């Protein structure tokens, strides 16, 4: 069964850190990707069931926006990504995150 993908993009590192922390605490999700988007903008991606990803993304948005000078620039959820998306985008469960998979 495909797992949903949720992504948050923030302005600055403290906001993405707060968002990532809130997301993994708010739902049974696995953080599968973190990276620099551009110009001090960061993205973080999670995977899990859609019923867990939706509240996790909501918590991440709230936490990212609460950080001093923090700003969530964008977010999205893909409820049922096709398999070929995993081969192109860095959202697959890697060996590094497999031990944390929920």
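Taking the Cα atoms only, what angle lies between the long axis of helix 50-66 and the longest principal axis of the chain, rounded to 10 degrees? It is inclined by approximately 20 degrees.
In terms of surrounding Cβ atoms within a 10 Å radius of their Cβ, 16, 24 rank from fewest to most as 24, 16.
Between the helical axis of 13-26 and the longest alpha-carbon principal axis of the chain there is an angle of about 50 degrees. Packing around the peptides 64-70, 44-50, taken as the average count of other Cβ atoms within 10 Å per residue, puts them in this order, highest first: 44-50, 64-70.
Residue order for 86, 38, fewest other beta carbons within 10 angstrom first, comes to 38, 86.
Among the listed values (i) 55, 34, 21; (ii) 38, 26, 23; (iii) 46, 28, 25, the one computed from these coordinates for Cα extents along the principal axes in Å is (ii). As a rough footprinting exposure proxy, the listed residues 34, 76 were ranked by other beta carbons within 10 Å of their own, and the order from fewest upward is 76, 34.
Where a number appears in this text, it was derived from the coordinates with a stated rule and is not lab data. These figures come from a predicted structure and were not determined experimentally. Please note: Cβ atoms are built from the backbone with ideal geometry, for glycine as well, and neighbour counts cover all protein chains shown.
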